[in-house]
Amino acid sequence: MKRILFSIALFSSVYLSAQTVIVEEKYEKKNEPTGYRYLPNSKKLVIFKGETAPVGILDGETIFFVTKSAYSFDEKGSKSALFENEKLGNCTFSVTENSFKAYGGDKISTRSDLKYYLNNVYNGSIKKDDIKKINNNYFGAVNSNNQFKQRLGESLGSLFFYSTFYNSFNDFYDLGFTNQKGKDKINFEKDELYLEVFDLKANQKNRVKLDTPKLDLLKGNSLIESTEGVTFSCRIKTNDTFDMVTKSISNDLNETAIYKTTYDMQGKRIKDTALKLNLKDNFFVLSSCGAGYVDNFVWDVQAVNNYYEDSNGDIYVYGIYTNKKSKIHKGFDPVGFYIFKFDKDGNKIWESINPLKDKYFEDVCCGLSFKLNLFEYNGKLLFTNSVNEATEFSNYAVVDKTSGTVLKMNRVDYNNTTSFARTRAFINNTYDKRDLKNKAFSPVSFVAMDLSPTMDSYLKTIPSKGNAVYFETIFSNQGIWLIETDNKEYYKVLLFKD
């Protein structure tokens, strides 16, 4: 009997040590959770709190939530207040995570002035029209899970702004691009390119001509001509530099290159880096991986793949491929995924090209039917491919960062049901499984369950009766963050480390 009790106690201690309750609170009137954001540099999760905003006709100017306060939590559950007693909309952190901006004013909308908090201290406001004129959509956005989306257009960004965060500023500047006439519609091949630099502390705009990157790398008889012509997107790296990103793909569809040109804030070119990929006997296809969307929703070569850059400067390019050559914009039958690792100078360290022997995956005919992600997770890479078609499932692979070796690969199935759909809520998800009744998840949450037995066990302890419960997961090197709420009475955040 003592041995049994000891075994139970040992199991319980392991179970408890593998998970940490970060925060658990009840909903309060006009002080409910309104959003979240994981900050990978700070290794903290931010919870925004406020109230649901009344709305009339839904359009691109609609504000869903008014944020009044924000709190960050580390992996031990230590809490810090970022701000309190404010009235803001769409709080967006800078690339350093030391500053943020938000819509503010008596009546908050996406037409409101933008308030800037540098090093989390209010610095001043800038009229939305002044910022809009600098055309910052070329810097893309990140979502709540910190996944980068290239070249998110103004119309698309406004419509979904409550779950995406513009990526165009650091602790000193907000950046954008115009042509020689000061217009935001840029012909990359014919126009002169100007960097618009809004100095946040001086509250003034500077305009400098940009050293144009080498366009001859993107044109030629051996390369596919994009439907949109030569296109580009940008990513801020630090307070002093940003990258301009262009791509090319061969007519044979088995070679592609990413060209990164690093600039300083005076528009001077500092460094050119080329990341070259070759699939040999296989072929690149368009990948829905947060890349390549342009304002009119047409895909171009920017959508072939995406990349993730870690804190060491190493770059991981990922996407999917097929074994049948076809036109780049036509339907295709994918057969696997790839990850290429490069150092900061563009030297290839390893390539990992992996077939996915999955009939349902191979039958996918359109890149819009699935979503690719690449996360850092417990010191490794986690590739996920989530399909939302006739059958809903995710394939995933855990990959060693040093060698590119696949350590684990699996497939998880689930269902998409509109019974969980909500127009406005802290967490909106509509996927479920039969053995987890009255619970709704995101596609990557099912991957998290498969990777974490502790998390899977925890979810089964939550009663199936009462209000529906919604979940979201965030992968990090600290483990898996689980956000749980019934969107009515409580919310909870846990961290699972197994």
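The values are calculated or read from the model by the stated rules, or taken from the named source; none is laboratory data. Quantities reported herein were computed from a predicted structural model and do not represent experimental measurements. When we count neighbours, we look across all protein chains shown, and the Cβ atoms used for this are built from the backbone with ideal geometry, even at glycine. In case anyone asks, the SASA skips ligands and DNA or RNA and just uses the protein heavy atoms, side chains included. Shrake-Rupley method; radii C 1.70, N 1.55, O 1.52, S 1.80 Å.
Things worth noting here:
- Looking across Val55, Val23, Val14, Val46, one residue alone is at pLDDT 75 or above, farther than 30 Å from Arg235 by Cβ and either among the aliphatic types (A, V, I, L, M) or part of a helix (DSSP H, G or I) (or both). It is Val23.
To keep it simple, each residue is scored yes or no on (1) under 19 Å from Ile47 (Cβ atoms); (2) of a type in the set (Lys, Arg); (3) touching a residue at least 40 places away in the same chain (Cβ under 8 Å).
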residue	(1), (2), (3)
Gly404	no, no, yes
Val412	no, no, no
Ser419	no, no, no
Asp435	no, no, no
Met455	no, no, yes
Leu482	yes, no, no
Val493	yes, no, yes
Phe496	yes, no, yes
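- In the stretch 191-224, the residues that are in a loop (DSSP other than H, G, I, E, B) and in contact with a helix residue (DSSP H, G or I) (Cβ under 9 Å, 6 or more places away or on another chain): Ile224
- Test: residue in the stretch 399-420 that is over 30 Å from Phe340 (Cβ atoms), part of a loop (DSSP other than H, G, I, E, B) and in contact with a Lys or Arg (Cβ under 9 Å, 6 or more places away or on another chain): no
- If you go through the stretch 182-217 and pick out every residue that is free of Cβ contacts under 8 Å to residues at least 40 places away in the same chain, touching an Asp or Glu at 6+ places or on another chain (Cβ under 8 Å) and open to solvent by 80 Å² or more (accessible area, probe 1.4 Å), you end up with 1.
- Hits in the stretch 64-95 (condition: part of a strand (DSSP E or B), more than 15 Å from Thr34 (Cβ to Cβ) and either more than 21 Å from the chain's Cα centre (by Cα) or aliphatic (A, V, I, L, M) (or both)): Lys79, Ser80, Ala81
- Screening Asp184 against (1) over 29 Å from Leu118 (Cα atoms); (2) within 26 Å of the chain's Cα centre (by Cα); (3) of a type outside the set (Phe, Trp, Tyr) leaves a single unmet condition, (1).
- Per-region count, the stretch 463-479, residues closer than 24 Å to Glu392 by Cα and either in contact with an Asp or Glu (Cβ under 9 Å, 6 or more places away or on another chain) or free of Cβ contacts under 8 Å to residues at least 60 places away in the same chain (or both): 8
- Those strands (runs of 3 or more DSSP E) of the stretch 119-190 in which 2 or more residues are modelled with pLDDT of 60 or more occupy 121-126, 141-143, 173-178.
- Taken over the stretch 225-239, the criterion of being open to solvent by less than 30 Å² (accessible area, probe 1.4 Å), in a loop (DSSP other than H, G, I, E, B) and touching a helix residue (DSSP H, G or I) at 6+ places or on another chain (Cβ under 9 Å) is satisfied by Ser226, Val230, Thr231, Phe232.
- Restricting Lys497, Lys439, Lys465, Lys492 to those that are of a type in the set (D, E, K, R) and open to solvent by less than 10 Å² (accessible area, probe 1.4 Å) reduces the list to Lys439.
- Matching entry among Phe375, Phe361, Phe393, Phe426 (being in a helix (DSSP H, G or I), modelled with pLDDT under 95 and open to solvent by less than 70 Å² (accessible area, probe 1.4 Å)): Phe361
- Taken together, the residues in the stretch 85-140 that are among the aliphatic types (A, V, I, L, M) and open to solvent by 20 Å² or more (accessible area, probe 1.4 Å) amount to 3.
- Of the candidates Ser99, Ser109, Ser78, Ser125, the single residue that is out of contact with any Leu (no Cβ under 6 Å at 6 or more places or on another chain) and either closer than 23 Å to Lys44 by Cβ or of a type in the set (Lys, Arg) (or both) is Ser78.
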